1. So, in Å, what gap is there between the alpha-carbon centers of segment 46-62 and segment 141-212?
2. With every protein chain kept in the model, how would you rank GLU439, GLU68, GLU176, GLU96 by accessible area, 1.4 Å probe, largest at the top?
3. What is the set of long-range amide H partners of GLY256 at a cut-off below 5 Å, with H atoms built 1.01 Å from backbone N?
4. In whole Å, what are the Cα extents of segment 486-541 along the three principal axes, biggest one first?
5. Per DSSP helix of 4 or more residues, -39500 (n - 2.57); summed, then divided by the residues of the chain. What does that give at 222 nm, rounded to the nearest 500?
6. Considering every pair of different Cα atoms, what Kirkwood radius, in Å, is found for the chain?
7. Filter LYS234/LYS516; LYS121/LYS434; LYS121/LYS234; LYS443/LYS516; LYS234/LYS434 down to the pairs with a C-alpha to C-alpha distance above 19 Å, please.
8. Calculate what fraction, in whole %, of the accessible area of segment 78-181 sits on carbon and sulfur atoms when a 1.4 Å probe is rolled over the protein chains.
Amino acid sequence: MPPPLQAHRMLLSHRRASPIPRRRFTAVSSLSSAPAKTLAPGPPASSILSIRESLLSGERTVADITSEYLSRLRRTEPSLRSFIHVADAAAEREAEELDRRIASGGRDAVGPLAGVLVGVKDNLCTASMPSTGGSRILDGFQPAYDATAVRRLREAGAIVVGKTNLDEFGMGSTTEGSGFQVTTNPWDDSRVPGGSSGGSASAVSARQCVVSLGSDTGGSVRQPASFCGVVGLKPTYGRVSRFGLMAYASSLDVVGCFGSSVFDTATILSVIAGHDKMDSTSSSHDVPDYRSDLASLSLLESKPLNNVRIGIIQETLGEGVDAGVISSIRSAASHLEQLGSVVEEVSMPSFSLGLPAYYILASSEASSNLSRYDGIRYGQQVSADDLNEMYGDSRANGLGHEVKMRILMGTYALSAGYYDAYYKRAQQVRTLVKKSFEEALGKYDILISPAAPSAAYKIGEKTNDPLAMYAGDIMTVNVNMAGLPALVVPCGFVEGGSAGLPVGLQMIGSPFSEGKLLRVGHIFEQTLPDLSFVPPLLADD
């Protein structure tokens with residue numbers, strides 16, 4: 001059965017851990033009241049811009065850059081296990097070919113992502129390498145085509161360095177549910193990187209690649225971004241084509257991206273966004289150049305967020321959320337105020353209802369989508385005397401425990417006699433969640449909250465308590481239910497590991513407002529004082 005409603009209501013009761021002012025958010029902060037542009041020594045460096053400038057100036061070659069990242073990947077991968085498959089030889093060949101094109105064609109031969117190494121979550125199809133969805137049932141499967149997002153990256157000059165690890169078919173929050181290996185967190189290798197896109201987040205955090213692609217069904221980009229101290233973007237539903245993405249819950253799935261800076265994330269979105277005739281759910285909204293509004297620190301006014309109204313979701317700072325996370329989010333809210341925005345608390349009473357509804361809907365869609373893995377059309381086949389036995393044995397041997405459990409839950413919710421009580425009611429809750437966001441975003445430009453109730457926890461800590469693991473998604477699932485865009489930027493630390501554990505601030509916007517989120521996130525990260533989100537794993541670099 002899906003998690004009981006009452007169990008999750010208890011996680012975010014309307015009682016708050018400590019008082020929050022009724023309207024204007026005026027949390028105490030240690031930040032000075034000086035103009036925003038004096039608060040930080042400089043913005044996080046854009047790796048993509050740095051690579052492009054070094055190529056155009058002739059200072060470096062694509063082969064040099066590729067060698068640097070591959071060297072770091074080989075050094076760190078034994079402990080991180082971010083990748084299921086590494087295409088190092090292919091990456092080196094592509095780098096040499098790019099160098100030849102640059103030598104013969106000059107500036108015109110350099111695409112916007114030339115020399116940029118990209119990790120791709122292994123539930124996105126790639127024609128040149130295996131695509132398993134993190135499942136043994138697809139072990140060795142190699143598609144005949146690239147997913148649209150992957151194809152667009154390649155056309156822009158990017159080099160796909162490998163396929164990143166994930167919870168099987170995206171079903172999990174820790175990347176412990178992979179059929180192949182457990183990925184660790186670059187900040188502390190005894191902790192999880194989050195999930196299901198944990199491999200993609202870990203790879204960017206450890207600078208094994210420049211940027212990466214993930215998928216987000218209920219927070220699978222945003223929660224790992226928070227755990228690993230990187231920027232993660234979940235676009236509006238339909239903003240990026242899902243063609244070539246292995247379906248988990250089709251009405252919720254979105255292709256997202258990771259970067260070490262907001263600028264890099266905006267660059268990737270500009271490339272992969274846009275209508276695709278191969279995906280009937282992709283939007284025909286125009287795709288702006290998301291980088292055009294991202295001003296550098298030196299050009300910012302003293303109050304660059306004047307007239308921006310921000311609502312902090314009251315229910316996300318209450319019971320069930322770690323004190324250190326609450327403190328980081330409150331400090332981030334205070335910083336946004338110092339940048340000129342008006343930050344007020346906003347109550348969304350339906351917020352806690354989204355989690356149980358999400359797991360009913362996602363499991364129901366999964367029970368349908370995963371029926372294709374029967375041992376005949378895809379993946380591993382088990383020999384048997386009759387067809388039904390072959391179906392059953394192929395799935396029993398190829399699918400993991402979590403996937404089987406969610407298929408069973410979804411099938412039960414859709415069965416005769418239970419459809420109205422579970423699936424239909426969950427859809428009604430989804431409508432309530434959408435209306436709640438519409439009302440709040442009618443008053444505020446952006447809503448903010450933690451990306452997760454805690455920082456990264458220990459490997460194995462929640463494997464035997466699925467309800468506690470599901471509860472970790474409570475900050476993120478509502479955004480998918482409403483189809484909205486959300487950006488996570490690192491905003492602080494809590495105690496843990498050798499250098500602390502990062503905390504991410506989630507910014508939520510109206511449909512197709514990614515540009516606004518990226519602008520605010522870019523200003524926020526540039527002006528955040530005295531914080532470096534480079535894991536201790538890279539101290540030697």
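1. The distance from the Cα centre of segment 46-62 to that of segment 141-212 comes to 25 Å.
2. Final ranking, largest accessible area leading: GLU439, GLU96, GLU68, GLU176.
3. Amide H to amide H, under 5 Å and 5 or more residues apart or across chains, GLY256 pairs with GLY214, SER215, ASP216.
4. Here the Cα extents, ordered largest to smallest, are 40, 20, 18 Å.
5. Result for the chain: -11000 deg cm²/dmol, rounded to the nearest 500.
6. Evaluated on the chain, it is 23.2 Å.
7. LYS121/LYS434
8. Carbon with sulfur: 47 percent of the solvent-accessible area.
The values are calculated or read from the model by the stated rules, or taken from the named source; none is laboratory data. None of the values given here were measured: they were computed from a predicted structure. Note that we place each Cβ from the backbone using ideal geometry, even for glycine, and neighbour counts take in every protein chain shown. Surface areas here come from the heavy atoms of the whole protein model, side chains and all, with no ligands, DNA or RNA. Shrake-Rupley method; radii C 1.70, N 1.55, O 1.52, S 1.80 Å.
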